[in-house]
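As structure tokens, the structure follows; a few thoughts come after it.
The values are calculated or read from the model by the stated rules, or taken from the named source; none is laboratory data. Everything numeric in this text was worked out from a predicted model, so none of it was measured. Positions of Cβ are generated from backbone atoms using ideal geometry, with glycine treated the same way; all protein chains shown enter the neighbour counts. In case anyone asks, the SASA skips ligands and DNA or RNA and just uses the protein heavy atoms, side chains included. Shrake-Rupley method; radii C 1.70, N 1.55, O 1.52, S 1.80 Å.
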Amino acid sequence: MILAAKYARENKVPYLGICLGMQISVIEMSRHVLGLGNADSEEFNTDTPDCVVMYMPEVSKTHLGNTMRLGCRRTFFRKPDCLTSKLYGNPPHVDERHRHRYEVNPSFVPMLENAGLQFVGCDESGNRMEIVELQDHPFYIGVQFHPEFKSRPRKPSPPFTGLILAATERMRTLTNVSNGDAGASE
Ligand SMILES: NC(=O)CC[C@H](N)C(=O)O
């Protein structure tokens, strides 16, 4: 997965990382751009000095039953002009479903942003990162939530629409129009 994320980043191949896929993009950037060779998630390596993805503080480390961060949660756009916001039709926030125990370690966010990985969405605390976008890349998005849960045949989830448009080189058709209803409100 890390090599796939690296390939997509370096070769400007469209990338949509969902949940672990977003965490992987953070590990990949940390290892190969920040030079933190041992960067990892606490899920895979509890001893790493560069724990860029960590257990969420409120989640039990010993009791795995019913202790995930689950269900519909609000994500606020930190950077309103980002691509993901445009895909959703420029709302101030989106409500999407979650299913995870780990999160991006907020202490690495400034370094990663300096390296070009923008954290464009977060939760209401401002500390839990929900969406990443890579600068200078046609379509490289990672989301901590699961947009597939609210995708419907007649109302496809905006990140998936974006991935398909980017893969078929038709991204401009969506981002050039002011789209007030791309599926954010449901
Ligand atoms: N659904 C997922 O991809 C989970 C990712 C990771 N295992 C976490 O709990 O944060």
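Here are the numbers:
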item: Computed E for ILE18/SER107 - FRET, C-beta separation, R0 25 angstrom, nearest 0.05; result: 0.55
item: Rounded if a/c under 1.5, otherwise prolate or oblate - the chain, Cα gyration tensor axes; result: oblate
item: About the Cα centre, charge dipole magnitude for segment 1-157 (Lys/Arg +1, Asp/Glu -1 at Cβ), debye; result: 700
item: Probe 1.4 Å, all protein chains present, accessible-area order of PHE149, PHE119, PHE108, largest first; result: PHE149, PHE108, PHE119
item: Count of Lys pairs (Cα-Cα under 26 Å; at least 8 positions apart or interchain) in the chain; result: 8
item: Longest exposed-site-free window of the chain, the sites being trypsin sites (Lys or Arg not before Pro) in a DSSP loop that have at most 12 other C-beta atoms within 10 Å; result: 62-153
item: DSSP beta bridge pairing in the chain, given as percent antiparallel to the nearest 5; result: 80
item: Per DSSP, loop chymotrypsin sites (Phe, Trp or Tyr not before Pro) in segment 1-106 with at most 15 further Cβ within 10 Å; result: PHE44
item: Estimated FRET transfer efficiency when R0 is 30 angstrom, pair ALA115-ARG154 (beta carbons, to 0.05); result: 0.15
item: For THR48, net neighbour charge (Lys/Arg +1, Asp/Glu -1) across residues whose Cβ lies under 9 Å away; result: -4
item: Potential extension, VAL59-ALA167 segment - 0.36 nm per residue separation minus Cα distance; result: 35.2 nm
item: Ranking by accessible area, most exposed first, for SER30, SER151 with a 1.4 Å probe; result: SER151, SER30
item: Neighbourhood charge, 13 Å Cβ-Cβ cut-off, centred on PRO106 and excluding it, Lys, Arg +1 and Asp, Glu -1; result: -2
item: ASP136 paired with GLU124, simple spin-label distance in nm, labels 7 Å along Cα-to-beta-carbon; result: 3.8
item: FRET efficiency, 1/(1 + (r/R0)^6) with R0 41 Å, evaluated for ASP81 and LEU3 via beta carbons; result: 0.85
